[in-house]
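Take a look at the structure set out below.
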Amino acid sequence: MNCLLVLPVTSLDEYRRACSPGLPLISASLKRMGGLKVVNLNLELEAGGDTRAQRVKLVSIMEEERIEAVLSGGFAPNWVSLRMIFETAKAVNPAVVTITGGTILTGAPEAAMRLIEFADYGIIGEGEITVAELITALKNKGPVKAVAGLVIKEAEGFYLTAPRRLIADWRDIPRPDYESFGVVDYLANLGTDVESYNERIFIHSGRGCPFQCTFCHNSRERSRYRPRPLDDFMAELRHWLNLGLASRHLDIDSDLLAESKPRLRELCSRLKELEFKGWGINMRVSQVDEEAIALLQEAGCGYVGLGLESACDRILQSMNKRISVKQMERALDILKRNNLSCLGTFIFGDVEETRETAHETLAWWEAHPDYMIFLGTITLYPGTVLYKRALALGRIKDETEHIKNLYPLVNISKMSDDEYACLLGEIYEKLLGRFHNPKVQLDRQREVYDFHFQSVKRKISGRCRQCGAWIDYISHFKLRRHHCPYCGAIFGSPYFQLPSWNEGLKASLERLFQKYDRLAFWGIGRLFRSAVPPEFSDQPGILLMDSKPGGFYGAKPVEGPAALADQIEEGHAPVLVIAVNPYTAAYQAIYDAAANRYGLKHIASLHILAEESAVELGDG
């Protein structure tokens, strides 16, 4: 049987070229079976953001290799690419078997299958054993419904087979086949002047989580932590290092790596001998103590990520975090005293959240500016405790649309929608007021040069205050933070400081508004807020909207796409300016919705408006 595995393009900007281990693990599992021809395609590296080129490449490989099964999967930001992959495959050969999987599917299998549409089978949860059994059944014309862990497309809906038990034996999990997707060669050949923490692969140190935080995808099903044998872990790490990858290209997937102190001691001892430096680890605040931090620093650890979530004990209890604010403060203090970079996030919108609890967290955040703690909102991932609560409350009315819109903001708190919107506006203002005040910054920004509009990035030079190394790195507008490639220290990314960007954008927007009288901006995130002044967007005739509506920018509310539909229905179709990176699947999804669902004829990109000295929009 000839199988094609396709790594899709993602619209999740911070992981644009990062390769999660899902499909590489599936590839390794199929190759381990024997008797199959497995062909690998990485759309991101082969065809970039050009959908037409992606289709051409797919068609060419399917015809040349006589492909009988196409497999691809990922997470929600991949849905546009996944749909295109399977639609193209079916157009080439309607009889080809199409198989999908990944986190996009596991929490809401039927909803995801409806969105992807052209997939015949979906693999739910861990896929290494399931895919082998499925391909065997298909190859031998066996009973597919006897394979556990599947959602199967049928004429009148979907059929879910028996649940698949979690993999208990790490010997059943092969080393991810990153090489066949071209990822290893790509990373190994990156220049050392490129800050490339967003371009990396992941190494699992374990699977599962016994904790049941209500917002976390791990709350979909209770599972014990299954630590990976250290010999196996170290063998994979050495394998990648021997192939020329550096520490900045390797991300240790390590949420519970420090759960066992004897295991942590042994691991740190091995990493120290390997001289593997600049890596990071995620920890629960209850795991942080002086010994653990000393072990990590001696082993070359550059930063620690903490699961913080809130500075209010009432909310932490509601989230089932099993930690306290006192523990959080102790952990942060230990990291600060030991000069180890730390990052975390406070997320707002829990079911018990009120204005009072939210302001308790905000007050703590404002009182501790030295810590690199971001502010955000709870995302309702399908299958989580809070997602199920939102379904029961009727706040999520269509699961497929929820995935399609990349998990839009949903208010499930004790606040009214108006109160929640005001809170979001306050959070945005506070973030912009402090916009990156990390412990470690570049000592000075020497110069900005070689500005690329097409890839939305620029080169910047500066000195890391933690280790003193001089860094020449690529600053993507899409990234919230950067890491020093030598010590792992974290520093903020400067946005929109080039006069050419700001002046060009201002002139283009003014000409556009004068010509068409009505503008709508879609995507009111950090990029928009850093580039468009409120005095411009506050003008009558300008609509601000986002897939996650709520809050205000200046004096104007941020509305949902329904507001655009209302304007069109009233006969006042605006010019749409899309304020996201134009070379992502997210941009393509917004463009498709604007052109096809709403019938807009004038659509522009915020980035390209900044580049162009004159704006003339054609139809279509």
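The values are calculated or read from the model by the stated rules, or taken from the named source; none is laboratory data. None of these values were measured; they are calculated from a predicted model. Here the Cβ is made from the backbone with ideal geometry for all residues, glycine too, and neighbour counts use every protein chain on show. Just the protein is used for accessible areas: all its heavy atoms, side chains included, with ligands, DNA and RNA removed. Shrake-Rupley method; radii C 1.70, N 1.55, O 1.52, S 1.80 Å.
The condition (being surrounded by 20 or more Cβ atoms within 10 Å (Cβ to Cβ), within 23 Å of the chain's Cα centre (by Cα) and polar (S, T, N, Q)) is satisfied by just one residue among 98, 130, 103: 103.
The residues listed here are 146, 91; of these, the one that is more than 30 Å from residue 206 (Cα to Cα), open to solvent by 20 Å² or more (accessible area, probe 1.4 Å), of a type in the set (Gly, Ala, Ser) and without any contact (Cβ under 8 Å) to a residue 40 or more places away in the chain is 91.
List every residue pair whose Cβ atoms sit under 6 Å apart, with the two residues 6 or more apart in sequence or on different chains, where the first one lies in region 347-369 and is over 24 Å from residue 385 (Cα atoms) and the second, anywhere, is among the polar types (S, T, N, Q). Going by the 6 Å Cβ cut-off, the qualifying pairs are 369/437. In the set (1) open to solvent by less than 40 Å² (accessible area, probe 1.4 Å); (2) over 28 Å from residue 42 (Cβ atoms); (3) at pLDDT 90 or above, residue 300 fails one condition alone, (3). Residue 344 meets all of the listed conditions (1) more than 30 Å from residue 391 (Cβ to Cβ); (2) open to solvent by less than 40 Å² (accessible area, probe 1.4 Å); (3) modelled with pLDDT under 95 but one, namely (1).
Within region 314-326, the residues that satisfy the criterion of being touching a helix residue (DSSP H, G or I) at 6+ places or on another chain (Cβ under 7 Å) and surrounded by fewer than 17 Cβ atoms within 10 Å (Cβ to Cβ) are 314, 324. Among the conditions (1) farther than 24 Å from residue 556 by Cα; (2) surrounded by fewer than 16 Cβ atoms within 10 Å (Cβ to Cβ), residue 418 misses just one, which is (1).
Residue 378 meets the conditions (1) more than 26 Å from residue 556 (Cβ to Cβ); (2) open to solvent by less than 60 Å² (accessible area, probe 1.4 Å); (3) touching a helix residue (DSSP H, G or I) at 6+ places or on another chain (Cβ under 9 Å) in every case but one. The failed one is (1).
Can you pull out the residues in region 59-85 that are more than 18 Å from the chain's Cα centre (by Cα) and closer than 22 Å to residue 104 by Cα? Steps first, please.
Of all residues in region 59-85, those more than 18 Å from the chain's Cα centre (by Cα) come to 59-71, 83-85.
The answer is 69, 70, 71, 83, 84, 85.
For residue 394, the test of being open to solvent by less than 60 Å² (accessible area, probe 1.4 Å), over 19 Å from the mean Cα position of the chain (by Cα) and not polar (S, T, N, Q) is passed. One residue stands out in region 421-446 among those that are of a type in the set (D, E, K, R) and modelled with pLDDT under 75: the one that is surrounded by the fewest Cβ atoms within 10 Å (Cβ to Cβ), namely 444.
Has region 307-314 got any residue that is of a type in the set (Gly, Ala, Ser), in contact with a strand residue (DSSP E or B) (Cβ under 9 Å, 6 or more places away or on another chain), without any contact (Cβ under 8 Å) to a residue 40 or more places away in the chain and at negative phi? Taking every residue of region 307-314 in turn, none turns out to be of a type in the set (Gly, Ala, Ser), in contact with a strand residue (DSSP E or B) (Cβ under 9 Å, 6 or more places away or on another chain), without any contact (Cβ under 8 Å) to a residue 40 or more places away in the chain and at negative phi. Every condition in (1) more than 30 Å from residue 386 (Cβ to Cβ); (2) in a strand (DSSP E or B); (3) aliphatic (A, V, I, L, M) is met by residue 304 except one, and the failing one is (1).
Out of 250, 308, report the one residue that is within 21 Å of the chain's Cα centre (by Cα), among the aliphatic types (A, V, I, L, M), open to solvent by less than 20 Å² (accessible area, probe 1.4 Å) and more than 29 Å from residue 171 (Cβ to Cβ).
On the way: 250 fails: more than 29 Å from residue 171 (Cβ to Cβ).
Only one candidate qualifies: 308.
In region 184-196, of all residues being under 19 Å from residue 252 (Cβ atoms) and in contact with a Gly (Cβ under 9 Å, 6 or more places away or on another chain), the one that is modelled with the lowest pLDDT corresponds to 188.
The set of residues from region 315-330 being at negative phi and under 26 Å from the mean Cα position of the chain (by Cα) comprises 315, 316, 318, 319, 321, 323, 328.
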